[in-house]
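A quick write-up on the structure given underneath.
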Amino acid sequence: MLTPRENLMEVLKGGNPDRFVNQYEPFAIQMKTPMSKRNPAYGELNVTDDWGVTRSWPIGTPGAFPVHDEEHIVIKDMENWKDYIKVPPIVTDPEAWKEAAEAAAQVDRSQYFVTPFYAPGIFEQCHYLMEITNCLMNFYEYPDEMHEIIDVIVNYELGFAEQVCKYVKPDALFHHDDWGSQISTFLSPAMFEEFFLEPYKKVYGYYKEHGVQVIMHHSDSYAKTLIPYMIEMGIDIWQGVMKSNDIADCIKQYGGQITFMGGVDSAEVDNPYWTEEIVAAKVREACETFGKLYFIPGASQGLPLSNYEGVYDCMTREINKMSEEMFK
């Protein structure tokens, strides 16, 4: 029997996996890195991070999101954006990284990938600072300023990458950045290329140059038109791929260059009305439709968890059942 790590690599390279990769099974996700951000807990409101972004996580919602009334928008004047952004310092103190280094050292790397988690990504950090509608308009109205702001965000990410590679020595990276809605990208492919291709090549290129074998990028959205850029950036797994992307066609076109993780839209199973029968049906549909190679079944949710207790564990059981049935 292949280890979780070996089995993942067989799926990615089009080899001979002996079962489905079961969601996040191969990834020992590391959440103890000193990210210099304060994240709200479930039910906590108006928590301000080190960038000055205020976020809330109301009860009954799937995650935290910025508070963007006039008072809380960070960048209030694009022409003078430098007056508003306060970039957090990169944490370099070895003592601050001790917990993260010790957690990584406990992982059996022959079995699992040590995988630090990073969020928000470059695009999300932009709209966190200026509000989503303002942000999208600013790509048209203030392109030079947007390039400058993106450079600041990238430099911060590269500073973090240097430290995490030094102390954690990751085998993989799990990086979040939502690039679209359920039916469309937020930016046209041409505009996405103009603003984000080279910045992400810098970030993901740094990780690859420092020992990271697998880049897993989360965007639970429509982003099929961005796949060529994902490949050029160095993304190995697009996690969160929703059915609106026509996953079968994505695998047909791009399998062997990138792997697709998802195939079960979270909203269909991770809701107050979920049942084991519904989960089983959606998992079966995904496994039978999208196959054994270049595909990892799972919900589009961006971590090994669910909003409603029991859903993630139920999906794990059902994927195991499909492995027993399809990998005889």
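Of the residues in segment 280-315, how many are of a type outside the set (S, T, N, Q) and over 22 Å from H176 (Cβ atoms)?
Residues that pass the stated criteria total 16.
Within segment 71-90, which residues are assigned to a loop (DSSP other than H, G, I, E, B), touching a residue at least 12 places away in the same chain (Cβ under 8 Å), under 21 Å from D144 (Cβ atoms) and out of contact with any Gly (no Cβ under 7 Å at 6 or more places or on another chain)?
Within segment 71-90, I73, I75, Y84, I85, V87 meet the criteria.
Please tell me if G298 is in contact with a Gly (Cβ under 9 Å, 6 or more places away or on another chain) and either in a loop (DSSP other than H, G, I, E, B) or open to solvent by 30 Å² or more (accessible area, probe 1.4 Å) (or both).
Criteria not met by G298.
What residue, among those in segment 273-295 that are of a type outside the set (S, T, N, Q) and not in a helix (DSSP H, G or I), is nearest to R317 (Cα to Cα)?
Result: W274.
With the requirement that a residue be under 24 Å from I29 (Cα atoms) and not in a helix (DSSP H, G or I), what does segment 259-272 give you? First the steps, then the outcome.
From segment 259-272, those under 24 Å from I29 (Cα atoms) are 259-267, 269-270; that's our starting set.
Across segment 259-272, the qualifying residues are T259, F260, M261, G262, G263, V264, D265, D270.
When segment 172-215 is examined, which residues are found to be farther than 21 Å from C126 by Cβ and in contact with a Gly (Cβ under 7 Å, 6 or more places away or on another chain)?
K208
Name the pairs: first residue in segment 168-189 and of a type in the set (D, E, K, R), second residue surrounded by fewer than 19 Cβ atoms within 10 Å (Cβ to Cβ), Cβ to Cβ under 7 Å, at least 6 apart or on different chains?
Sorted first by the residue in segment 168-189, then by its partner, the pairs are K169/G211; D171/R109; D171/Q213.
Need the failing condition index for A103 against (1) under 27 Å from T3 (Cβ atoms); (2) open to solvent by 30 Å² or more (accessible area, probe 1.4 Å); (3) hydrophobic (A, V, I, L, M, F, W, C); (4) touching a residue at least 24 places away in the same chain (Cβ under 8 Å), just the number.
(2)
Being closer than 27 Å to I73 by Cα, touching a residue at least 40 places away in the same chain (Cβ under 8 Å) and open to solvent by 10 Å² or more (accessible area, probe 1.4 Å) narrows it down to one of I132, I150, so name that one.
After ruling out the rest, the residue left standing is I132.
If a residue has to be open to solvent by 60 Å² or more (accessible area, probe 1.4 Å) and in contact with a Phe, Trp or Tyr (Cβ under 7 Å, 6 or more places away or on another chain) to count, how many in segment 259-288 make the cut?
2
Exactly one of (1) open to solvent by 10 Å² or more (accessible area, probe 1.4 Å); (2) over 21 Å from the mean Cα position of the chain (by Cα); (3) farther than 30 Å from R5 by Cα is unmet by F139. Its number?
In the conditions (1) open to solvent by 10 Å² or more (accessible area, probe 1.4 Å); (2) over 21 Å from the mean Cα position of the chain (by Cα); (3) farther than 30 Å from R5 by Cα, F139 misses (1) alone.
Determine, yes or no, whether E318 is outside any loop (DSSP other than H, G, I, E, B), more than 22 Å from Q182 (Cα to Cα) and touching a helix residue (DSSP H, G or I) at 6+ places or on another chain (Cβ under 8 Å).
Considered against the rule, which asks whether it is outside any loop (DSSP other than H, G, I, E, B), more than 22 Å from Q182 (Cα to Cα) and touching a helix residue (DSSP H, G or I) at 6+ places or on another chain (Cβ under 8 Å), E318 comes out as yes.
Anything in segment 161-170 that is assigned to a loop (DSSP other than H, G, I, E, B) and either open to solvent by 20 Å² or more (accessible area, probe 1.4 Å) or among the polar types (S, T, N, Q) (or both)? List them, or say none.
Narrowing segment 161-170 to residues assigned to a loop (DSSP other than H, G, I, E, B): 168-170.
Selection gives K169 alone.
For the structure I just gave you, tell me whether A119 is closer than 28 Å to D236 by Cα and without any contact (Cβ under 8 Å) to a residue 12 or more places away in the chain.
The answer is no for A119.
If you go through segment 38-62, how many residues are of a type outside the set (D, E), open to solvent by less than 30 Å² (accessible area, probe 1.4 Å) and in a loop (DSSP other than H, G, I, E, B)?
So the count comes out to 3.
The values are calculated or read from the model by the stated rules, or taken from the named source; none is laboratory data. Just so we're clear, the structure is a prediction, and the values are computed from it rather than from any experiment. Counting neighbours? That spans all protein chains shown, and the Cβs are built from the backbone with ideal geometry, glycine included. We work out accessible area using only protein heavy atoms, side chains counted, and drop any ligands, DNA or RNA first. Shrake-Rupley method; radii C 1.70, N 1.55, O 1.52, S 1.80 Å.
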